[in-house]
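The values are calculated or read from the model by the stated rules, or taken from the named source; none is laboratory data. Everything quoted here is computed from the prediction, not taken from an experiment. Glycine also receives a Cβ, built like all others from the backbone with ideal geometry; neighbour counts cover every protein chain displayed.
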Amino acid sequence: MKKAENNLKLTPLCRLMDVPIASYYYRPVERPETTQYAETLMEIHKANFQAYGRRRMKVALNDQGIQLGAFKISRLMREAGL
């Protein structure tokens, strides 16, 4: 949406077109592929006697510079069959 004139405000234009103001400012976030972490999870799992849960796995991934939440790690482990 482009402004027609400089003196028009954004809020009334968005209301006129029934568009939320937040939609005007929205920029999509690029997220990395989660499949790339499956190999790393498998390696850590095998190297540690197949005993790591999501909390220990989170620490091991943080040591490698991968920042993921515990619930995402849990989901990835479940998908990988760990």
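Residues in segment 22-44 that are hydrophobic (A, V, I, L, M, F, W, C), surrounded by 12 or more Cβ atoms within 10 Å (Cβ to Cβ) and more than 13 Å from residue 66 (Cα to Cα): 42 only.
Restricting the first member to segment 56-82 and to residues that are under 16 Å from residue 32 (Cα atoms), and the second to residues that are charged (D, E, K, R) and surrounded by fewer than 18 Cβ atoms within 10 Å (Cβ to Cβ), the beta-carbon pairs closer than 9 Å and six or more apart or on different chains are 73/55.
Applying the condition of being assigned to a helix (DSSP H, G or I) and aromatic (Phe, Trp, Tyr) to segment 15-28 and asking which residue is modelled with the highest pLDDT yields 25. Applying the criterion of being part of a helix (DSSP H, G or I) and among the small types (Gly, Ala, Ser) to the residues of segment 45-82, the residue that is modelled with the lowest pLDDT is 80. List the number of the failed condition for residue 12; all other conditions in (1) assigned to a helix (DSSP H, G or I); (2) surrounded by 10 or more Cβ atoms within 10 Å (Cβ to Cβ) hold. In the conditions (1) assigned to a helix (DSSP H, G or I); (2) surrounded by 10 or more Cβ atoms within 10 Å (Cβ to Cβ), residue 12 misses (2) alone.
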